[in-house]
Amino acid sequence: MSESIISTLTMDFAIRIVRFYQFLTKEKGVHVISKQLLRSGTSIGANVSEGIYAQSNADFINKMNIALKEAGETRFWITLLYKSELIEEKAYNSLVNDINKIIGTLVKIITTSKKKNP
């Protein structure tokens with residue numbers, strides 16, 4: 001998978017997270033956890049964007065690793081919202097599917113980049 005695919009995935013996901021944040025705060029009154037989700041969920045794409053303009057392969061790998069860590073944190077917040085019964089199973093499954101796709105793509109990118117220049 002290429003960097004353009006991950007850029008699209010993470011931008012689409014960030015937009016979804018912004019909208020989900022608005023829903024959580026306005027409709028559910030969930031502020032603290034939703035703010036954490038907003039931060040980590042949008043940070044994934046920001047780090048991917050930085051990585052695309054990295055100064056070296058090592059810098060690129062570092063940015064992709066940071067994006068991967070943010071994706072893991074995002075998955076934690078989504079799961080916490082679900083297990084706390086603040087979001088329904090349908091929303092949870094959809095969000096987790098998206099974040100798992102992003103995580104898988106990032107892992108492939110990092111692995112491939114490390115093979116190119118260890």
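With +1 on each Lys and Arg Cβ and -1 on each Asp and Glu Cβ, how big is the dipole of the chain about its Cα centre, in debye rounded to the nearest 20?
Working: 16 positive and 11 negative charges, 34 e Å.
In debye, rounded to 20, the chain gives about 160.
So what's the angle, to the nearest 10 degrees on a 0 to 90 scale, between helix 57-83 and the longest Cα principal axis of the chain?
Result, in degrees: 20.
By how many nm would the segment from ALA54 to GLU88 grow when fully extended, if each residue of separation counts as 0.36 nm and the alpha-carbon distance is taken off? Show your work: numbers first, answer last.
Numbers: separation 34, 0.36 × 34 = 12.24 nm, distance 3.87 nm.
Stretched out fully, the ALA54 to GLU88 stretch lengthens by 8.4 nm.
Could you work out how far apart the two model spin labels at THR8 and GLU27 are, taking each label as a point 7 Å from the Cα in the direction of the beta carbon, and quote it in nm?
Output for this residue pair reads 2.7 nm.
Just want to confirm a number: the relative contact order over the chain, from Cα pairs under 8 angstrom separated by 6+ residues, in percent.
On the way: 114 pairs, mean separation 34.4, N = 118.
Here the relative contact order equals 29 percent.
For the stretch 1-64, place one equal point scatterer on every Cα, skip the solvent, and apply the Debye formula. What is log10 of I(q)/I(0) at q = 0.14, 0.17 Å⁻¹?
-0.46, -0.61
With Rg and the Kirkwood Rh both taken from Cα atoms, where does Rg over Rh land for the stretch 3-116? Each step should come with its number before you reach the end.
Details: Rg = 14.4 Å, Rh = 14.2 Å.
Taking Rg over the Kirkwood Rh, I get 1.01.
Of LYS26/LYS101; LYS69/LYS101; LYS63/LYS115; LYS28/LYS83; LYS69/LYS90, which ones are farther than 22 Å apart at the Cα?
On the way: LYS26/LYS101 28 Å; LYS69/LYS101 14 Å; LYS63/LYS115 16 Å; LYS28/LYS83 15 Å; LYS69/LYS90 25 Å.
From the list (LYS26/LYS101; LYS69/LYS101; LYS63/LYS115; LYS28/LYS83; LYS69/LYS90), the Cα-Cα distance tops 22 Å for LYS26/LYS101; LYS69/LYS90.
Treating the angle as unsigned and between 0 and 90°, give the value, to the nearest 10°, between the Cα long axis of helix 89-116 and the longest Cα principal axis of the chain.
Compared with the principal axis, the helix lies near 10 degrees.
Which of the chymotrypsin sites (Phe, Trp or Tyr not before Pro) found in the stretch 20-106 are in a DSSP loop and have at most 16 neighbouring Cβ atoms, other than their own, within 10 Å? Could the numbers behind the result be given before it?
Numbers: sites: PHE20, TYR21, PHE23, TYR53, PHE60, PHE76, TRP77, TYR82, TYR92; in loops: TYR53.
When the chymotrypsin sites (Phe, Trp or Tyr not before Pro) of the stretch 20-106 are filtered for loop state and at most 16 Cβ neighbours within 10 Å, TYR53 remain.
What is the angle, in °, between the Cα long axis of helix 3-23 and the longest principal axis of the Cα atoms in the chain? Nearest 10 is fine, range 0 to 90.
20
All of the numbers you see were taken from the coordinates with simple rules; none came from a lab. The shown structure was predicted, so the numbers you read here are calculated from the model rather than taken from an experiment. Note that we place each Cβ from the backbone using ideal geometry, even for glycine, and neighbour counts take in every protein chain shown.
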